[in-house]
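The values are calculated or read from the model by the stated rules, or taken from the named source; none is laboratory data. All of these numbers come straight from a predicted model, not from anything done at the bench. A quick note on method: Cβ atoms are made from the backbone with ideal geometry, for glycine too, and the neighbour counts reach across all protein chains shown.
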Amino acid sequence: MPGKRDTIVVNDDGNKTTYQKRILLYTIREAYVLFLTEHAGISLGRTVFAELCPKHVVVTSSMAHRVCVCIYYENVNLLLNILCKHINESQCSNLHSFTSVLVWDESNYDLMSSNCFMCSNYFDLYVKSNVTDKNVQIRWYQWKHINGYATKKEQQSSVEQCIEALSSQSVSISTANASCGNDNYSFSLVSDNISHDKYCINSCITSVINKMKEELPSLEEILLFSDGTASQFKQRYLFHNLTRISNNFKLCLSWHFFATSHAKGVVDAIGGTVKRLVWQ
């Protein structure tokens, strides 16, 4: 851990030694399995293995949530470390400097959520236009999940392709599934609006009902089921809006909420399938 105070004093046979804390990215169970794999001839229980862990090595659950150690964060850093060498006046040596170039105020939530038109051209202005040679082939490392373990793999691509990958915009996916008798209808609504607020949900519901009315002209009643997310579903604005939608479409609508942590279903599978197809 990088902080000046992120240290621990260990008593080694009467001698006090100060160590910088280290983060164990694996769980104790995962580290134990790796140990047995590499030292097949040693018989050691997991409890003893955990007790032998150095005092200055801490698990991720005991660290402060101020440092991101996930592979997504690190992969962007690894790419920026190489890419900055091919950008004039580059301030993109790491993720922090990169985000500071893209917005004028990192503490503003709307700016960091790409909801500011003033910052929309910052990437082209400060990054894309300063590329020295977009056709240069570069090599860098990325963390990949292979057989359940995170492994560094070398990547190769042109500077132009890397820049395009960094400039790709985020989108949101709203999924729905409708059943009528033996017929099923799956919906995946993609939008560049990533707010996930009540207005976005209203647009999605309206779009789905419009499509269902086209498929089933004699439709009279719809039973809606969802989780209890307050920002999207379980709120007074949505309930008020249901009366308007019901009157507009001449439908009888009712909304039902799943119990907490019990809303996993086909809509999650639809979203997972769409994301997998995009990444392929």
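List of remarks:
- Scanning the range 125-162 for residues that are hydrophobic (A, V, I, L, M, F, W, C) and under 27 Å from Gly271 (Cα atoms) yields a count of 4.
- Any hit, the range 120-128, residues being β-branched (Val, Ile, Thr) and at pLDDT 85 or above: no
- Residue match in the range 57-64 (condition: at pLDDT 85 or above and either under 30 Å from Gln137 (Cβ atoms) or of a type outside the set (A, V, I, L, M) (or both)): no
- Only one entry in Val76, Val101, Val69 is farther than 16 Å from Ser157 by Cβ, in contact with a helix residue (DSSP H, G or I) (Cβ under 9 Å, 6 or more places away or on another chain) and at pLDDT 75 or above, namely Val101.
- Between Lys211, Lys264, the distinction of being assigned to a loop (DSSP other than H, G, I, E, B) and out of contact with any Cys (no Cβ under 7 Å at 6 or more places or on another chain) belongs to Lys264 only.
- Within the range 198-241, the set of residues being surrounded by fewer than 16 Cβ atoms within 10 Å (Cβ to Cβ) and of a type in the set (A, V, I, L, M) comprises Leu216, Leu223, Ala230.
- When residues of the range 171-226 are limited to those that are of a type in the set (D, E, K, R) and more than 21 Å from the chain's Cα centre (by Cα), the one farthest from Phe249 (Cα to Cα): Asp183
- Residue within the range 221-231 that is closer than 19 Å to Ser179 by Cα, at pLDDT below 85 and either assigned by TED's automatic domain parsing to the domain that holds Ala176 or touching a Lys or Arg at 6+ places or on another chain (Cβ under 8 Å) (or both) present: no
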